[in-house]
Amino acid sequence: MSALLDTEEIIETIKMITLQKLNIRAATLGISLLDCIRGNVEETCDKIYYKIMSYSRQFDESCREVQRSYGVPIVNKRIAVTPISMIIGSLLRDQVNSEKIKVCLKIAETLEKAVVDAGVDYIGGYSCFVHRGASLADEALIESLPVVLSTTKRVFSFINVASTESGINMDMIKRMGGIIKDIAYNTRDANSVGCAKLMVMANAAEGTPFLPGAFHSIGDSDVSLTVGISGPGVIHAVLKNLKEDAPLGDVVEAIKSTSFKVTRAGELIGRRIAEEMKVDFGGVDLSLAPSPEGGNSVGGVVESIGLERFGAPGSVLAIAIIADALKKGGSMASKYVGGQSGVFIPVLEDDIIAKAAGEGALTIDHLKAMSGVCSTGLDMIPIPWDTSPETIAALIGDIIALGVINRKTVGARLIPVYGKKPGEWVDYGGLLGRAPVMEVSRFKSSKLIQRGGRIPAPFISLSKS
């Protein structure tokens with residue numbers, strides 16, 4: 001560490017780790033599975049398992065070694081693979097639907113077995129891109145989601161239904177409303193937790209280490225490593241030390257300088273793990289990601305700027321200030337910034353945001369407005385069980401439109417909790433956190449959703465040519 005940081009910076013970094021909960025929220029190893037495709041599902045699964053295992057054990061050991069050497073906690077070790085719909089196409093040819101689902105489940109079980117055997121926490125990439133239309137493999141993968149996400153525990157998925165360059169696939173958004181309800185029902189004995197592993201997205205970003213949106217892109221090297229830092233506690237502590245009446249320009253400078261230091265520490269850790277493994281370093285995702293434990297809350301950072309509660313008037317302004325300063329500071333600290341690099345506001349995973357929702361300071365409409373200036377969209381929100389598939393699709397459509405028009409990566413991770421009503425609390429424990437079920441408008445959108453079709457790309461997409 002001394003080669004890159006001076007003594008004062010080392011002491012400051014140690015303070016961030018011990019007192020302000022600085023950690024590496026996600027170290028994610030991206031692995032290409034394109035060379036694992038074989039003529040039948042058994043051979044393909046064998047190749048997938050052995051390729052993941054050949055890197056995952058070393059990944060686990062390297063993370064432990066770097067964690068011991070530098071004292072920076074690594075909260076989660078994750079694998080992100082090539083979108084699985086690109087792997088299974090030839091395996092599904094001439095199969096009936098029930099056999100296609102079996103093939104998909106076999107692949108998903110192989111992914112899960114590999115990360116369990118290797119001691120890795122989660123795996124992402126059980127995913128597909130259907131923003132222009134769906135292939136037979138995409139169709140089978142989506143149809144398998146209620147089974148796969150209810151029978152596996154560590155497999156995550158995203159479905160990319162829109163992009164600024166291609167428009168919005170409303171047929172797929174409509175379908176995802178029903179798929180989400182099916183997953184919720186299949187995992188009803190565990191408060192519909194299967195939905196926490198699925199995000200419906202627009203403009204899915206390469207190089208993000210965060211699940212469910214992580215995947216290994218076709219433009220990447222065979223294996224690469226990315227990291228995401230969890231720094232809300234550090235930024236909160238810095239803002240608390242400012243004078244209460246400090247002008248907002250000083251707030252911006254404080255966040256920028258802190259983001260620079262946090263990103264620098266994160267890049268150092270990421271590069272060391274990559275060097276240990278002799279794989280490419282993919283970069284740092286600057287996203288401000290909370291965790292449910294006290295003192296590591298994005299909501300707390302927002303409130304420390306001068307709001308009584310997260311969600312009060314001025315919250316969108318405060319998040320815009322944080323997101324912009326975060327990017328300006330972080331981008332100066334790292335050559336390779338990527339992924340989403342924004343501010344995450346997952347209701348379940350942030351105790352201050354959950355509290356605001358419970359007190360009525362925060363609504364789903366507030367969260368939509370905030371998504372215009374940060375990232376992730378409607379993330380980790382428990383909603384009433386009686387929410388219809390059409391209403392779920394309409395909520396997804398709202399957030400997807402924000403992403404497409406503003407060229408942003410956004411998504412919706414909605415959890416219709418079986419048997420729950422607005423105001424009842426749901427507790428998943430661990431990093432998934434707890435929050436109240438949030439009220440959804442009783443007014444219907446079904447006629448809009450039933451129209452379906454593909455909405456053309458917005459005019460802004462023509463600015464590239």
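Can you find a residue that is within 30 Å of residue 394 (Cβ to Cβ), assigned to a helix (DSSP H, G or I) and in contact (Cβ under 8 Å) with a residue 12 or more places away in the chain anywhere in the stretch 196-209?
Of all residues in the stretch 196-209, those within 30 Å of residue 394 (Cβ to Cβ) come to 196-206, 208.
Going one step further and asking which of them are assigned to a helix (DSSP H, G or I), we end up with 196-197.
Checking the rest, the ones that are also in contact (Cβ under 8 Å) with a residue 12 or more places away in the chain come to 196-197.
So far as the stretch 196-209 goes, yes, one or more of its residues are within 30 Å of residue 394 (Cβ to Cβ), assigned to a helix (DSSP H, G or I) and in contact (Cβ under 8 Å) with a residue 12 or more places away in the chain.
Taking the stretch 177-202 as the search range and keeping residues that are closer than 21 Å to residue 450 by Cβ and not aliphatic (A, V, I, L, M), which one is least open to solvent (accessible area, probe 1.4 Å)?
Per the criteria, the residue is 177.
In the set 75, 103, 148, 116, which member is among the aliphatic types (A, V, I, L, M), open to solvent by 40 Å² or more (accessible area, probe 1.4 Å) and part of a helix (DSSP H, G or I)? Steps first, answer last, please.
Working: 75 fails: part of a helix (DSSP H, G or I); 103 fails: open to solvent by 40 Å² or more (accessible area, probe 1.4 Å); 148 fails: open to solvent by 40 Å² or more (accessible area, probe 1.4 Å).
None of the other options fit; the residue is 116.
Quick one: residue 234 ticks every box in (1) assigned to a helix (DSSP H, G or I); (2) farther than 22 Å from residue 24 by Cα; (3) more than 16 Å from the chain's Cα centre (by Cα) bar one, so which box is it?
The single condition residue 234 does not satisfy is (2).
Does any residue of the stretch 253-261 turn out to be out of contact with any strand residue (DSSP E or B) (no Cβ under 8 Å at 6 or more places or on another chain), modelled with pLDDT of 85 or more, among the aromatic types (Phe, Trp, Tyr) and farther than 27 Å from residue 356 by Cβ?
Taking every residue of the stretch 253-261 in turn, at least one turns out to be out of contact with any strand residue (DSSP E or B) (no Cβ under 8 Å at 6 or more places or on another chain), modelled with pLDDT of 85 or more, among the aromatic types (Phe, Trp, Tyr) and farther than 27 Å from residue 356 by Cβ.
Consider only pairs whose beta carbons are under 8 Å apart and that are at least six residues apart or on different chains; among these, list those whose first residue lies in the stretch 387-398 and is within 12 Å of residue 364 (Cβ to Cβ) and among the small types (Gly, Ala, Ser) and whose second residue is at pLDDT 95 or above and outside any helix (DSSP H, G or I).
If the second residue must be at pLDDT 95 or above and outside any helix (DSSP H, G or I), the pairs left are 394/445.
Name, by its number, the condition in (1) modelled with pLDDT under 95; (2) exposed (fewer than 13 other Cβ atoms within 10 Å of the Cβ); (3) on the phi > 0 side of the Ramachandran plot that does not hold for residue 453.
Unmet condition: (1).
For the stretch 289-297, does any single residue satisfy the condition of being touching a strand residue (DSSP E or B) at 6+ places or on another chain (Cβ under 9 Å) and either of a type in the set (A, V, I, L, M, F, W, C) or at pLDDT 95 or above (or both)?
yes
Is it fair to say residue 226 is in a strand (DSSP E or B), modelled with pLDDT under 95 and of a type in the set (Val, Ile, Thr)? Steps first, answer last, please.
Working: in a strand (DSSP E or B): yes; modelled with pLDDT under 95: yes; of a type in the set (Val, Ile, Thr): yes.
So residue 226 passes the test.
Quick one: which of 276, 267, 303 is touching a helix residue (DSSP H, G or I) at 6+ places or on another chain (Cβ under 6 Å), in contact (Cβ under 8 Å) with a residue 24 or more places away in the chain, in a helix (DSSP H, G or I) and open to solvent by 10 Å² or more (accessible area, probe 1.4 Å)?
On the way: 267 fails: touching a helix residue (DSSP H, G or I) at 6+ places or on another chain (Cβ under 6 Å); 303 fails: touching a helix residue (DSSP H, G or I) at 6+ places or on another chain (Cβ under 6 Å).
Exactly one of 276, 267, 303 is touching a helix residue (DSSP H, G or I) at 6+ places or on another chain (Cβ under 6 Å), in contact (Cβ under 8 Å) with a residue 24 or more places away in the chain, in a helix (DSSP H, G or I) and open to solvent by 10 Å² or more (accessible area, probe 1.4 Å), namely 276.
All but one of (1) touching a Ser or Thr at 6+ places or on another chain (Cβ under 6 Å); (2) part of a strand (DSSP E or B) hold for residue 215; which doesn't?
The one condition residue 215 does not meet is (2).
What about residue 56, is it of a type in the set (Gly, Ala, Ser), crowded, with 17+ Cβ neighbours inside 10 Å and in a helix (DSSP H, G or I)? Spell out how you get there, then give the answer.
Working: of a type in the set (Gly, Ala, Ser): yes; crowded, with 17+ Cβ neighbours inside 10 Å: yes; in a helix (DSSP H, G or I): yes.
When the stated conditions are applied, residue 56 passes them.
Please go through the stretch 156-176 and give me each residue that is among the β-branched types (Val, Ile, Thr), farther than 11 Å from residue 145 by Cα and either open to solvent by 20 Å² or more (accessible area, probe 1.4 Å) or in a strand (DSSP E or B) (or both), ordered by number. Steps first, please.
Start the filter on the stretch 156-176 by keeping residues that are among the β-branched types (Val, Ile, Thr), which leaves 159, 161, 164, 168, 173.
Subsequent filtering for residues that are farther than 11 Å from residue 145 by Cα retains 161, 164, 168, 173.
Those that are among the β-branched types (Val, Ile, Thr), farther than 11 Å from residue 145 by Cα and either open to solvent by 20 Å² or more (accessible area, probe 1.4 Å) or in a strand (DSSP E or B) (or both): 161, 168.
Can you run down the residue pairs with Cβ atoms below 8 Å, 6 or more apart or on separate chains, where the first is in the stretch 153-180 and more than 21 Å from residue 209 (Cβ to Cβ) and aromatic (Phe, Trp, Tyr) and the partner is open to solvent by 10 Å² or more (accessible area, probe 1.4 Å) and not in a helix (DSSP H, G or I)?
Hits for this filter: zero, empty list.
Would a scan of the stretch 288-295 turn up a residue that is closer than 30 Å to residue 217 by Cα and without any contact (Cβ under 8 Å) to a residue 12 or more places away in the chain?
Among the residues of the stretch 288-295, not one is closer than 30 Å to residue 217 by Cα and without any contact (Cβ under 8 Å) to a residue 12 or more places away in the chain, which makes the answer no.
Please find, among 91, 33, the residue that is open to solvent by 10 Å² or more (accessible area, probe 1.4 Å) and aliphatic (A, V, I, L, M).
Values: 33 fails: open to solvent by 10 Å² or more (accessible area, probe 1.4 Å).
Matching residue, one of 91, 33: 91.
Among the residues of the stretch 210-240 satisfying the criterion of being among the small types (Gly, Ala, Ser), farther than 30 Å from residue 250 by Cα and out of contact with any His (no Cβ under 9 Å at 6 or more places or on another chain), which is surrounded by the fewest Cβ atoms within 10 Å (Cβ to Cβ)?
If we filter the stretch 210-240 for residues that are among the small types (Gly, Ala, Ser), which is where we start, we get 213-214, 217, 219, 221, 224, 228, 230-231, 233, 237.
Add one more test, that the residue is farther than 30 Å from residue 250 by Cα, and what stays is 213-214, 217, 219, 221, 224.
Those still in the list that are out of contact with any His (no Cβ under 9 Å at 6 or more places or on another chain) too: 213-214, 217, 219, 221.
Numbers: 213: 27, 214: 31, 217: 16, 219: 7, 221: 11.
Among them, the one singled out is 219.
Output the number of residues of the stretch 126-141 satisfying the condition of being in a helix (DSSP H, G or I) and either touching a Lys or Arg at 6+ places or on another chain (Cβ under 7 Å) or buried (at least 21 other Cβ atoms within 10 Å of the Cβ) (or both). Let's see the steps before the verdict.
Narrowing the stretch 126-141 to residues in a helix (DSSP H, G or I): 136-141.
Within this subset, residues satisfying the condition of being either touching a Lys or Arg at 6+ places or on another chain (Cβ under 7 Å) or buried (at least 21 other Cβ atoms within 10 Å of the Cβ) (or both) are 137-138, 140-141.
Residues in the stretch 126-141 being in a helix (DSSP H, G or I) and either touching a Lys or Arg at 6+ places or on another chain (Cβ under 7 Å) or buried (at least 21 other Cβ atoms within 10 Å of the Cβ) (or both): 4 in total.
Please tell me if residue 262 is in a helix (DSSP H, G or I), in contact (Cβ under 8 Å) with a residue 12 or more places away in the chain and either open to solvent by less than 10 Å² (accessible area, probe 1.4 Å) or at negative phi (or both). Please lay out each step first, then the result.
Numbers: in a helix (DSSP H, G or I): yes; in contact (Cβ under 8 Å) with a residue 12 or more places away in the chain: yes; either open to solvent by less than 10 Å² (accessible area, probe 1.4 Å) or at negative phi (or both): yes.
Yes; evaluated as a whole, the condition is true for this residue.
For the stretch 408-432, give me each residue that is among the aromatic types (Phe, Trp, Tyr) and farther than 23 Å from residue 291 by Cβ. Explain how you work it out, then say what you get.
Taking the stretch 408-432 and keeping what is among the aromatic types (Phe, Trp, Tyr), we get 418, 425, 428.
Correct list: 418 only.
The values are calculated or read from the model by the stated rules, or taken from the named source; none is laboratory data. Model, not experiment: these values are computed from the prediction. A quick note on method: Cβ atoms are made from the backbone with ideal geometry, for glycine too, and the neighbour counts reach across all protein chains shown. Each accessible area value is taken on the protein alone, full model and side chains, heavy atoms only, with ligands, DNA and RNA left out. Shrake-Rupley method; radii C 1.70, N 1.55, O 1.52, S 1.80 Å.
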